[in-house]
Amino acid sequence: MPTITPAHVHILVNHIPIIGLPLIALLLLWGLARRQDAVLRAALLGTVLIAAGTWLTDFTGDGAKDDIRHLAWANKEVITAHEDAGDRANILAIIAGVAALGTLVLARGGRPVRRPVATGVLGLLVVSAALAGWAGWQGGKIRHAEFGLTPPPTAADSTAPH
């Protein structure tokens with residue numbers, strides 16, 4: 001049975017922000033457009049959860065970097081560009097999550113969700129989603145031969161120590 005490495009875990013969880021941020025942004029936009037408080041609350045809760053998932057993705061990136069940086073094909077500049085882009089997306093997603101949580105706290109007890117604040121959260125989500133997409137694009141360059149930055153994997157690569 002193959003060993004699951006930190007790089008494997010990072011590849012699995014990196015889809016959380018890349019897919020989740022734009023989906024939650026769309027849900028929040030729908031709630032704002034339809035003026036549906038329940039949809040706004042669901043989207044704000046989703047923002048908090050996606051922010052946590054984005055943090056998890058960033059956290060697992062450190063282990064993934066440690067897992068591959070010693071390998072002959074590892075391009076340090078590409079890894080650094082990916083890490084920097086991921087950090088920016090992570091910070092903005094966490095800010096969006098904190099703002100969403102604050103909005104939910106202010107709306108407890110049956111009070112309506114404050115639309116201007118929810119609109120601000122939407123703006124944070126949109127920018128964070130764009131940054132997460134960019135981080136994913138940069139991360140794809142680390143080991144995808146189709147980007148032309150790393151050679152295709154060889155048999156020797158699969159026997160390299162992790």
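The values are calculated or read from the model by the stated rules, or taken from the named source; none is laboratory data. Bear in mind that the values here come from a model prediction, so they are computed numbers and not experimental data. So basically every Cβ, Gly included, is an ideal-geometry build from the backbone, and we count neighbours across all protein chains shown. Accessible surface is based on the protein model in full, side chains and every heavy atom, while ligands, DNA and RNA are left aside. Shrake-Rupley method; radii C 1.70, N 1.55, O 1.52, S 1.80 Å.
So, in the stretch 64-107, of the ones that are among the charged types (D, E, K, R), open to solvent by 60 Å² or more (accessible area, probe 1.4 Å) and at pLDDT below 95, which residue ends up nearest to Ile4 (Cα to Cα)?
So the first thing to find is which residues in the stretch 64-107 are among the charged types (D, E, K, R), and the list is 65-67, 69, 76-77, 83-84, 87-88.
Imposing the further condition that a residue be open to solvent by 60 Å² or more (accessible area, probe 1.4 Å) reduces the set to 66, 69, 76-77, 84, 88.
Now narrow it down to the ones that are at pLDDT below 95: 66, 69, 76-77.
On the way: Asp66: 14, Arg69: 17, Lys76: 23, Glu77: 25 Å.
The selected residue is Asp66.
The number of residues in the stretch 50-89 that are in contact with a Phe, Trp or Tyr (Cβ under 9 Å, 6 or more places away or on another chain) and over 23 Å from Ala25 (Cβ atoms) comes to 1. Within the stretch 108-142, the set of residues being touching a Phe, Trp or Tyr at 6+ places or on another chain (Cβ under 7 Å) and crowded, with 17+ Cβ neighbours inside 10 Å comprises Lys141 only. Being over 17 Å from the mean Cα position of the chain (by Cα) and part of a helix (DSSP H, G or I) is the requirement here; does Asp67 meet it? For Asp67, the condition - over 17 Å from the mean Cα position of the chain (by Cα) and part of a helix (DSSP H, G or I) - is met.
Restricting Gly61, Gly110, Gly120 to residues that are free of Cβ contacts under 8 Å to residues at least 24 places away in the same chain, small (Gly, Ala, Ser) and assigned to a helix (DSSP H, G or I) narrows the list to Gly120.
Flag set for Ile19, criterion: open to solvent by 60 Å² or more (accessible area, probe 1.4 Å), closer than 30 Å to Pro112 by Cα and out of contact with any helix residue (DSSP H, G or I) (no Cβ under 7 Å at 6 or more places or on another chain).
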